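What follows draws every value from the coordinates through simple rules; no lab data is involved. Bear in mind the structure is a predicted one, so any value in this text is a computation, not a measurement. Note that we place each Cβ from the backbone using ideal geometry, even for glycine, and neighbour counts take in every protein chain shown.
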Amino acid sequence: MSQHLHIVCVTGTREKLQMAAMFASVAAATGDQVSVFFSMNALPFFIKNSTDEVPVEGRFGELMEQEAGVPPFKQLFKHASELGDAKLLPCSMALDLLKISEEALDPELGPPTGLTRFLSDAEGGQLLTF
Amino acid sequence: MSESKTIDARDTFCPGPLMELITYMKQANVGDTLELLSTDNGTASDVPEWIKKVGHEMVSSEKVGEVWHLTVRKSK
């Protein structure tokens, strides 16, 4: 049965972004509705032409950087959006603080979403936070 | 006429092989057969799970040496 999965990405580390992207891509590909909310230190990595260098938390982050066969998290989020219609929603407050608009972000992201809207959409669904 | 295609996803990690399969599955026609090659053990259990949930047909699954050969047919 299809369900609605809500993912909140707030941490700017490789492990957290990778795990969130794995959940998003697999759930979206399986037919679940997926909404990912990006805020805090997770959001800047989705600004166009931003660095691929993401801080690691520990051993797994290092391992993932060494292994060429690990699909990059950005590619997985893109898969989630293209193959499974996942919504990748930037936090409107974070955009305000960064003083950037939606156009400055990767094209898969949008529209800017506030907490009230996200919480109301998430009501009754599953929510994972990274 | 149905076609067969082999997708080489060896040396990529979860969920890379599954995503490769899904990408090709979207492009395939109903009745086409896809064979996924993967060295990722998790993929061998993830692919049948996905096939079951989405409603395609798992044709065969076998490990030859270090490589999983997962054959699926697009059913809808």
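Give me the dipole magnitude in Debye, nearest 20, for chain A about the Cα centre, with unit charges on the beta carbon: positive for Lys and Arg, negative for Asp and Glu.
Numbers: 9 positive and 17 negative charges, 31 e Å.
Charge dipole of chain A: 140 debye, to the nearest 20.
Could you please report the charge total around A:T113, scoring K, R as +1 and D, E as -1 over all other residues with beta-carbon less than 13 angstrom from its beta-carbon? Mind dumping the intermediate values first?
Values: positive: A:K87, A:R117; negative: A:D96, A:E102, A:D121.
Local net charge: -1.
Is it possible to state the helix-based mean residue ellipticity at 222 nm for chain B, with each DSSP H run of 4+ residues giving -39500 (n - 2.57), the sum divided by total residues, to the nearest 500 deg cm²/dmol? What is it?
-11000 deg cm²/dmol
Would you give the gap between the C-alpha center of the stretch A:41-57 and the C-alpha center of the stretch A:62-122, rounded to a whole Å?
A separation of 11 Å, based on Cα centres.
In terms of modelled amide H atoms, which long-range or inter-chain residues lie less than 5 Å from the amide H of A:V36?
Residues meeting the criterion, in which the H sits 1.01 Å from N, are A:I7, A:K87, A:L88, A:L89.
Let me check against my output: what whole-number percent is the relative contact order of chain A, with C-alpha pairs under 8 Å and at least 6 apart?
Details: 221 pairs, mean separation 47.4, N = 130.
The normalised contact order for chain A reaches 36 percent.
Could you derive backbone 3J(HN,Hα) for the stretch B:56-65 from the dihedral phi with the Karplus parameters 6.51, -1.76 and 1.60 (θ = phi - 60°), listing whole Hz in sequence and x where the residue is Gly or Pro?
9, 10, 8, 8, 7, 8, 8, 9, 10, x
In whole Å and largest first, what semi-axes does the C-alpha gyration tensor of the stretch A:30-79 yield when each eigenvalue is scaled by 5 and square-rooted? Spell out each step's value before the answer.
Numbers: eigenvalues 83, 52, 26 Å².
Calculated on Cα positions only, the semi-axes equal 20, 16, 11 Å.
Can you work out D for the protein assembly as shown in µm² s⁻¹ from Stokes-Einstein, where Rh is the Kirkwood radius over C-alpha pairs, the temperature is 4 °C and the viscosity is 1.567 mPa s? Please list the in-between numbers first.
Numbers: Rh = 17.9 Å.
In µm²/s, the coefficient is 72.
Only helical DSSP H runs with n ≥ 4 go in: add -39500 (n - 2.57) per run for chain A, normalise by residue count and round the 222 nm mean residue ellipticity to 500 deg cm²/dmol.
Numbers: 5 runs with 51 residues, N = 130.
Mean residue ellipticity, 222 nm, calculated: -11500 deg cm²/dmol.
Gap in Å between the Cα centre of the stretch A:1-26 and the Cα centre of chain B?
Here the answer is 23 Å between Cα centres.
Enter the angle in degrees (range 0 to 90, nearest 10) between the Cα long axis of helix B:41-54 and the first principal axis of the Cα atoms of chain B, meaning the one along which they spread out most.
Tilt relative to chain B: about 20 degrees.
At 0.36 nm per residue, and after removing the present C-alpha to C-alpha distance, how many nm does the segment from A:L83 to A:V56 gain when stretched out fully?
Working: separation 27, 0.36 × 27 = 9.72 nm, distance 2.80 nm.
Between A:L83 and A:V56, full extension yields 6.9 nm more.
Once you have the Kirkwood Rh of the stretch B:4-73 from its Cα pairs, apply Stokes-Einstein at 4 °C and 1.567 mPa s and quote D in µm²/s. It would help to have the intermediate numbers written out before the result.
Values: Rh = 11.7 Å.
It comes out at roughly 111 µm²/s.
Specify the residue with the greatest mean-square fluctuation among A:S120, A:S35, A:S101, computed from a Gaussian network of chain A linking alpha-carbon atoms under 10 Å apart.
A:S120
Over the alpha-carbon set of the stretch A:48-130, work out the extent along each principal axis and list the three values in angstrom, largest first.
Taking max minus min along each principal axis of the Cα atoms, the stretch A:48-130 gives 39, 32, 26 Å.
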